[in-house]
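Take a look at the structure set out below.
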Amino acid sequence: MFMSDMIDKMPPKVLLIDSDVESMDFVANAIERYWFNVIRTTSSDMGIRNLALHRPHLGVLSSRLDKENFDDHDNNKKSLYKLVSDIRAVEGYKSMPLILMLDDEKDKEFFKDLDNGLIEFLERPIVHSELMRNIKELLRKSQPVLCDRFLKHKDVTVDLGSYKVFRQGQLVRLGPTEFKILELLIQDPKCIFSRQQIVDYVWGMDCSRIDLRTVDVHMNRLRSALKKISNMPVIQTIRSIGYCLSLPGDPM
């Protein structure tokens with residue numbers, strides 16, 4: 001494998017700095033769902049060191065940097081301001097896009113002089129969809145080649161940019177219909193999609209002429225292609241309802 005091919009398959013890196021471990025895990029799990037490599041860091045000093053160690057593409061920074069006193073609002077703002085300033089001072093990171101997680105949205109005025117157009121602010125509690133929308137928007141501005149490309153579930157990765165699927169790092173050869181079905185399922189692994197919903201998504205305006213049993217044929221082809229790399233089941237059949245990737249209670 002050529003080095004360029006390896007680099008193309010590597011996930012974008014997100015530096016996450018948050019001394020609140022529970023909050024950090026919640027945010028990291030949401031980001032990793034979209035095939036980003038999250039570098040989890042619980043202190044500002046280690047976060048700065050991780051810039052050189054990991055070369056992240058984007059930073060997600062929490063105002064809760066003093067684990068001994070999360071409730072000191074003024075200190076939280078000042079600590080986060082210093083962290084952003086320190087990151088901006090590192091060579092090569094003056095324009096790294098940042099998402100700042102604040103306890104009060106009004107605090108964003110405090111960071112006004114640091115905002116170069118590549119900072120977004122999120123107020124707690126953090127909403128997954130809003131977080132990912134901000135990450136993608138910032139990457140679209142700074143490094144568009146990295147955004148909106150990858151979705152991952154367990155050992156299966158869908159590259160939306162090249163229309164390729166990988167399992168355990170190996171290419172899975174799929175037809176366009178099977179790719180479209182997997183694209184739908186992997187967007188919400190715990191959602192059970194009915195055959196009609198799958199038909200509507202895959203065939204769109206032409207769906208009226210598609211027999212619902214056609215879904216089963218393509219689903220079998222998709223399963224067979226995935227099994228060529230691993231026999232571990234990926235697609236779950238929910239009898240009389242439809243298909244999904246994760247049953248309730250399954251780890252993501």
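Residues that are surrounded by 14 or more Cβ atoms within 10 Å (Cβ to Cβ) and polar (S, T, N, Q) were ranked within the stretch 1-28; the one that is modelled with the highest pLDDT is 19.
Test residue 65 against the stated conditions and say whether it is crowded, with 21+ Cβ neighbours inside 10 Å, free of Cβ contacts under 8 Å to residues at least 40 places away in the same chain and not β-branched (Val, Ile, Thr). It is false that residue 65 is crowded, with 21+ Cβ neighbours inside 10 Å, free of Cβ contacts under 8 Å to residues at least 40 places away in the same chain and not β-branched (Val, Ile, Thr). Among the residues making up the stretch 92-136, those that are among the polar types (S, T, N, Q) and closer than 20 Å to residue 29 by Cβ are 129, 134.
Take the residues in the stretch 77-133 that are part of a helix (DSSP H, G or I) and of a type in the set (Lys, Arg); name whichever of them is surrounded by the most Cβ atoms within 10 Å (Cβ to Cβ). So, considering only residues that are part of a helix (DSSP H, G or I) and of a type in the set (Lys, Arg), the one surrounded by the most Cβ atoms within 10 Å (Cβ to Cβ) is 77.
All of 48, 31 fail the test of being at pLDDT 95 or above and in a helix (DSSP H, G or I), apart from 48.
The values are calculated or read from the model by the stated rules, or taken from the named source; none is laboratory data. As the structure is a prediction and not an experimental result, all values here were calculated from the model. FYI the Cβ positions are ideal-geometry reconstructions off the backbone, even for glycines, and counts take in every protein chain you see.
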